[in-house]
Amino acid sequence: MEIRSAWVISIERKIDEQVENLYKRDVKFFHVDTMLKIADKVDRFSETDSNCQIHKETIEELVENLPEYLNNSISKRREYEQKLTKIQDYLTKEHGIRLPRYFLSLYSLIGTALGVFLGVGVMYFINTNSLQFGAFGGFIIGLIVGRVMGNQKEKELEVAGKHL
């Protein structure tokens with residue numbers, strides 16, 4: 001179990017207080033729970049990264065004004081999403097932090113596409129009347145290989161603490 005800083009604990013308390021003033025569907029739709037995970041990662045890197053220190057201030061501002069962002073106009077909601085996405089993109093670019101199941105999904109997609117392509121290609125040279133079997137077989141094999149490779153990459157990220 002990782003020890004959280006006093007700042008992250010205070011952010012969690014503030015989020016819990018602010019959630020009472022929000023619609024439950026908005027809390028779920030705007031992934032307010034993800035903000036706490038982002039805050040934890042930003043806090044860990046803030047000692048060595050000045051940009052993360054700036055992002056801490058942005059997170060504090062977002063949490064303080066959460067009902068104002070989510071219960072008001074579309075432009076305020078968009079502003080909230082843009083600020084949170086900017087922080088998340090920074091964590092991804094500079095520190096390699098990824099959302100859970102990112103590589104699992106990516107490798108599954110790539111494996112499926114390559115599997116279908118190779119399956120159809122192989123069946124084209126064997127029997128052009130059976131291209132659908134090659135596509136189906138390639139789809140299944142590519143999906144399985146992609147899921148296995150993606151799962152391995154996800155485990156590596158989990159061990160390294162690079163999941164959000």
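Miscellaneous remarks
- Cα-based helix-to-principal-axis angle, 131-160 vs the chain, degrees rounded to 10: 30 degrees
- Separation between Cα centres of the stretch 66-96 and the stretch 106-160, rounded to whole Å: 35 Å
- Degrees separating the helix 32-45 axis from the principal Cα axis of the chain, which is the longest one: 80 degrees
- For the chain, the residue among 75, 99, 144 whose Cα projects farthest onto the positive side of the dipole built from Cβ charges is 144.
- For the stretch 6-95, the dipole from Cβ point charges (+1 on Lys and Arg, -1 on Asp and Glu) about the Cα centre works out to 380 debye, to the nearest 20.
- Projection of the Cα convex hull of the stretch 1-89, averaged over all directions and equal to a quarter of that hull's surface, yields 5.8 nm².
- Estimated distance in nm for a label pair at residue 61 and residue 86, the labels positioned 7 Å out from Cα along Cα-to-Cβ: 0.7 nm
- Filtered trypsin sites (Lys or Arg not before Pro), the stretch 69-119: DSSP coil and at most 15 other beta carbons within 10 Å: 101
- Prolate/oblate/rounded call for the chain, Cα gyration tensor, a/c under 1.5 rounded: prolate
- Loop GluC sites (Glu not before Pro), the stretch 1-78 (other Cβ atoms within 10 Å of the site Cβ: 13 or fewer; DSSP): 2, 20, 47
- Cα-centred dipole magnitude for the chain, charges only on beta-carbon of K, R (+1) and D, E (-1), debye, nearest 20: 680 debye
Coordinate-derived values only; no laboratory data. Small disclaimer: the values here were computed from a predicted structure and weren't measured. Glycine also receives a Cβ, built like all others from the backbone with ideal geometry; neighbour counts cover every protein chain displayed.
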